[in-house]
Amino acid sequence: MLETSSLRTKNLAMRYLTKILRPISRLTKCLLFAALLESPFLGTLAAQDTYTVQALRIPRNAFSGQASAINDAGVSAGWYETNNGNSAVSWSADNQLILLGTLPGLPSALANDINRAGIIVGFAFTNDFLVSRAFIWRSDTGMQALDDLGGNASLA
């Protein structure tokens, strides 16, 4: 009896894990595909470029994070993750964290790119990844939804 209950629990856990990982893997595939489309010289770096690596600040309750892009001024855009979801952020060249916010009804957000002017794009989404909306963020106007083609998903 104990073995049957344990097996049933393992099966339920595997079904739940599969349900959680399915949309995440779709999201990852979309992001990788978008990155490949964006990069005509995939994997090539100019020999004269030099880089300085630094650890970016994230809150103590965050367990994961990533800088997705950096501009010429050293300002980077990305996200961090807590048990409550993902937060789109920017880091100044001197490592000051700026929260970018989110869109109404979409509790999580990821920042994917930043240009020379410091304008950031990304997407906000429900924590189950079933609905997403592309955004643009400017320091003077904050986060605003980008027009989309309809449906439940748009990314930037």
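Output the residue which, of all residues in segment 102-117 that are more than 22 Å from residue 84 (Cβ to Cβ) and in contact with a strand residue (DSSP E or B) (Cβ under 8 Å, 6 or more places away or on another chain), is least open to solvent (accessible area, probe 1.4 Å). Walk me through it before giving the result.
At the first step, the residues of segment 102-117 found to be more than 22 Å from residue 84 (Cβ to Cβ) are 113-117.
Of the ones still in play, those that are also in contact with a strand residue (DSSP E or B) (Cβ under 8 Å, 6 or more places away or on another chain) are 113-114.
Details: 113: 61, 114: 16 Å².
Step by step, filter segment 102-117, then rank; the result is 114.
For segment 73-101, a residue qualifies if it is over 14 Å from residue 62 (Cβ atoms), open to solvent by 60 Å² or more (accessible area, probe 1.4 Å) and polar (S, T, N, Q), and exactly one does: 96.
Condition first: open to solvent by 50 Å² or more (accessible area, probe 1.4 Å), β-branched (Val, Ile, Thr), without any contact (Cβ under 8 Å) to a residue 40 or more places away in the chain and not in a strand (DSSP E or B). Can you find one or more residues in segment 57-71 that meet it? For segment 57-71, residues open to solvent by 50 Å² or more (accessible area, probe 1.4 Å), β-branched (Val, Ile, Thr), without any contact (Cβ under 8 Å) to a residue 40 or more places away in the chain and not in a strand (DSSP E or B): present. Among the residues of segment 94-130, those identified as of a type in the set (A, V, I, L, M, F, W, C) and in contact with an Asp or Glu (Cβ under 8 Å, 6 or more places away or on another chain) are 120, 121.
Being open to solvent by less than 70 Å² (accessible area, probe 1.4 Å), part of a loop (DSSP other than H, G, I, E, B) and more than 27 Å from residue 52 (Cα to Cα) is the requirement here; does residue 150 meet it? Break it down into steps so the answer makes sense when it comes.
On the way: open to solvent by less than 70 Å² (accessible area, probe 1.4 Å): yes; part of a loop (DSSP other than H, G, I, E, B): yes; more than 27 Å from residue 52 (Cα to Cα): yes.
The answer is yes for residue 150.
Scanning segment 120-132 for residues that are open to solvent by 20 Å² or more (accessible area, probe 1.4 Å) and farther than 13 Å from residue 88 by Cα yields 126, 127, 128, 129, 130, 131. Apart from one condition, residue 93 fits all of (1) within 16 Å of residue 54 (Cα to Cα); (2) assigned to a strand (DSSP E or B); (3) not acidic (Asp, Glu); the exception is (2).
Does residue 50 fit the bill of being among the hydroxyl-bearing types (Ser, Thr, Tyr), over 12 Å from the mean Cα position of the chain (by Cα) and modelled with pLDDT of 60 or more? So that I can check it myself, show each step before the final result.
Details: among the hydroxyl-bearing types (Ser, Thr, Tyr): yes; over 12 Å from the mean Cα position of the chain (by Cα): yes; modelled with pLDDT of 60 or more: yes.
For residue 50, the condition - among the hydroxyl-bearing types (Ser, Thr, Tyr), over 12 Å from the mean Cα position of the chain (by Cα) and modelled with pLDDT of 60 or more - is met.
The values are calculated or read from the model by the stated rules, or taken from the named source; none is laboratory data. Being a predicted model, the structure only gives us computed values, none of them experimental. Here the Cβ is made from the backbone with ideal geometry for all residues, glycine too, and neighbour counts use every protein chain on show. Keep in mind that these areas ignore ligands, DNA and RNA; they rest on the heavy atoms of the full protein, side chains included. Shrake-Rupley method; radii C 1.70, N 1.55, O 1.52, S 1.80 Å.
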